[in-house]
Amino acid sequence: MFVGHYSVAFAAKTERNRIPLWVLFIAVQFLDYIWATLVLLGIEKLRVIKGFTAGSMIDSYFHPYSHSLIMAILWSCVAAVAYKPLCSWLGYSYKKSAAFIVGIAVFSHWILDLIAHPRDLPIYDNKWKVGFGLWNYRAPEFALEIGLLAVGIVLYLARNVMPVIRRIAVIAFGLALVVVQIGDTYVPRTPLTSKATAMGVWVFYTLFVVVAFFLEKIRSRKQIDVR
Ligand SMILES: [Zn+2]
């Protein structure tokens, strides 16, 4: 699963919980950030194999610290707890229920990965691996990613007050994510090394976080004035 993860970020944000979209963008990919970091450190392992599955070249054969069920639950708790100090550090309003939502957003990553991944997600340590393997079916997996993203964006637009210009920007960003997913799923490319793949994760995911940050800055002062 790739851009489909962001559906949860868009869907989770409401006027009530006021969780910044960029925070949710990190949350839904938190496990992959840990994964990419551990791959760069040589602790977790992956291979990039052309045609490994129809929809992905990544054979993530050793990722117990980022992608086992037990660790996913643990990382979700860590993120939920870390949300409070993050809010006080950055001067954001904090709600306990929002911290809970951040934790759920982190855990959603594992559930969506469970659908897409081949049987490579361990329950505990590197054992009892599960995965429904939708990546073996390119078009259905692609359709699920795009369908989820669309639902997430529709919910975001419906449940948040924002100026028209920002609505347009959100839709444009959604379309850009669709293009990225088309590139990832359908454009053939030579396999990268595992380290380059992990670097790519860091660069692209962070780019999306930055876009999410600036999206919610678009005419935000004017919005406050209107209230
Ligand atoms: Zn993942």
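The values are calculated or read from the model by the stated rules, or taken from the named source; none is laboratory data. Note that this is a predicted model, so its numbers are computed, not measured. Every residue, glycine among them, receives a Cβ derived from its backbone with ideal geometry; neighbour counts consider all protein chains shown.
What to note about this one:
- Which numbered condition TYR65 fails, given (1) of a type outside the set (A, V, I, L, M, F, W, C); (2) within 16 Å of the ligand (Cβ to nearest atom); (3) free of Cβ contacts under 8 Å to residues at least 40 places away in the same chain; (4) outside any helix (DSSP H, G or I): (4)
- Out of PHE132, PHE142, PHE100, one residue alone is within 18 Å of GLY55 (Cα to Cα), assigned to a helix (DSSP H, G or I), more than 14 Å from the chain's Cα centre (by Cα) and of a type in the set (Phe, Trp, Tyr). It is PHE142.
- Positions within the range 9-22 being surrounded by fewer than 24 Cβ atoms within 10 Å (Cβ to Cβ) and either in contact with an Asp or Glu (Cβ under 6 Å, 6 or more places away or on another chain) or hydrophobic (A, V, I, L, M, F, W, C) (or both), in sequence order: ALA11, LEU21, TRP22
- Qualifying residue in the range 130-142 (condition: at positive phi and modelled with pLDDT under 95): yes
- Failed criterion for VAL203 (all others in (1) more than 16 Å from the chain's Cα centre (by Cα); (2) in a helix (DSSP H, G or I) hold): (1)
- Condition check for ALA105: within 16 Å of the ligand (Cβ to nearest atom), in a helix (DSSP H, G or I) and aliphatic (A, V, I, L, M): yes
- Whichever residue in the range 115-133 is basic (Lys, Arg) and under 11 Å from PHE62 (Cα atoms) and, among such residues, is farthest from the ligand (Cβ to nearest atom): LYS127
- Identity of the residue in the range 29-57, more than 22 Å from LEU134 (Cβ to Cβ) and of a type in the set (Ser, Thr, Tyr), that ends up nearest to the ligand (Cβ to nearest atom): TYR33
- Taking the criterion of being among the aliphatic types (A, V, I, L, M), within 14 Å of the ligand (Cβ to nearest atom) and farther than 17 Å from ARG119 by Cβ, the only residue of the range 68-92 that qualifies is MET71.
- The range 28-57 - residue that is touching a Leu at 6+ places or on another chain (Cβ under 8 Å) and among the aliphatic types (A, V, I, L, M) and, of those, modelled with the highest pLDDT: VAL39
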